[in-house]
Amino acid sequence: MWIYEKKLQYPVRVSTCNPTLAKYLIEQYGGADGELAAALRYLNQRYTIPDKVIGLLTDIGTEEFAHLEMIATMVYKLTKDATPEQLKAAGLGEHYANHDGALFYQNAAGSPWTATYIQAKGDPIADLYEDIAAEEKARATYQWLIDLSDDPDLNDSLRFLREREIIHAQRFREAVEILKEEWDTKKVF
Amino acid sequence: MYTHLKFYHPFVSSFDPCKPILEKKYSTPPHLYIGFQPPNLPQFSPFEALKAGTLWKDFYDPWFNTYEKQMGGVLP
Ligand SMILES: [Fe+2]
């Protein structure tokens, strides 16, 4: 089970009315390397991974939902008062036609989220290597989002999220070392 | 100076349609160099850590865009 705390993991402040940024940010909402994919990937893989690293997948998978909520907040704030004309100018006319102002799990190009983005191979090393790659890809996505954005407050939150991806990648790498069961022995091969 | 940003220089043709970018950069964050986290690494204060997104100074590697870099970036 989960316990919900009614606050964001990190504050989300948006200083400019810029619906175009929302269009880009959706990539981390419902994209292949986004937070939804991450959360669902880890929380599903944990059933068939050695006990020692189940807790890690639970923790990180849970945190990804906290990140998802931050991205949702950003997108919501950037679009909530936008007129259909403004959305159209921001390249969100198609989104408006389908969803009005509602959020939807899709990537920046409008492709809906799909479970084919994620895998559970049942092989612990294969799964953890996918997880490491997913974190590095999410880190890169945040880099490109920061490069695209001129909103200093938004970038502050994006930088926090990017740093979390670095830490997640580090912990998944350590999980691989734990499963190799050699990390604390000084061995010369 | 040592940096986690690395650079490479792609081939430039005299027929490139756009003005070539001579130097491309990519990020190699600190966790790539550390391996299994050793004990007793230096920590941020709790407040700094909440801002930075990590408790561990060695893993902190913020990304700034060109404009922010011109403004000097912001550290916790
Ligand atoms: Fe992550």
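Every read-out reported here was derived from the displayed coordinates using simple, explicitly stated rules and does not represent laboratory data. Every value quoted in this text rests on a predicted model; they were computed, and no experiment measured them. Heads up, the Cβs are rebuilt from the backbone with ideal geometry, glycines too, and the neighbour counts pull from every protein chain shown.
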Could you tally the net charge around residue A:39, taking each other residue with its Cβ under 10 Å from the Cβ of residue A:39, Lys/Arg +1 and Asp/Glu -1? -2
Along the charge dipole of region A:53-189, pointing to its positive end and built from +1/-1 on Cβ of Lys, Arg, Asp and Glu, which listed residue (A:115, A:75, A:125) has its Cα farthest out? A:125
Spatially proximal aspartates and glutamates relative to residue A:121 (Cα-Cα < 12 Å; intrachain offsets below 8 disregarded): A:130, A:131
Reachable lysines from residue B:25, Cα under 20 Å, same-chain residues fewer than 8 places away excluded? A:137, B:6, B:69
What's the center-to-center distance, using Cα atoms, between region A:93-136 and region A:22-92 in Å? 8 Å
Going through region A:1-50, which chymotrypsin sites (Phe, Trp or Tyr not before Pro) have at most 11 other Cβ atoms within 10 Å and a DSSP loop state? A:2, A:4
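How much FRET efficiency would the formula 1/(1 + (r/R0)^6) give for residue A:69 and residue A:119, where r is the Cβ-Cβ distance and R0 is 25 Å, rounded to 0.05?
Step by step, r from the Cβ atoms, then E = 0.55.
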State whether region B:5-70 is rounded, prolate or oblate according to the following rule on the C-alpha gyration tensor (a ≥ b ≥ c being the square roots of its eigenvalues): a/c under 1.5 gives rounded; otherwise a/b larger than b/c gives prolate, and the remaining case gives oblate. oblate
With +1 on the Cβ of every Lys and Arg and -1 on the Cβ of every Asp and Glu, the dipole magnitude of region B:5-70 about its Cα centre, in debye rounded to the nearest 20, is 100 debye
Let me know the charge dipole size of chain A about its Cα centre in debye, to the nearest 20, where only the beta-carbon of Lys, Arg (+1) and Asp, Glu (-1) is charged. 100 debye
Would you mind classifying region A:87-151 by shape? Square roots of the alpha carbon gyration tensor eigenvalues, ordered a ≥ b ≥ c; an a/c under 1.5 is rounded, otherwise it is prolate if a/b is larger than b/c and oblate if not. oblate
Kindly provide the GluC sites (Glu not before Pro) of chain B that DSSP labels as loop, not H, G, I, E or B, and whose Cβ sees at most 16 other Cβ atoms within 10 Å. B:23
Pull out the extension gain between residue A:51 and residue A:177, defined as 0.36 nm times the separation in residues minus the alpha carbon to alpha carbon distance; nm, one decimal. 43.9 nm
Let me have the 222 nm mean residue ellipticity of the protein assembly as shown computed from DSSP H runs of 4+ only, each contributing -39500 (n - 2.57), with the sum over all residues rounded to the nearest 500. -16500 deg cm²/dmol
So for the pair residue A:88, residue B:4, with labels modelled 7 Å out along Cα→Cβ, what separation do we get in nm? 4.4 nm
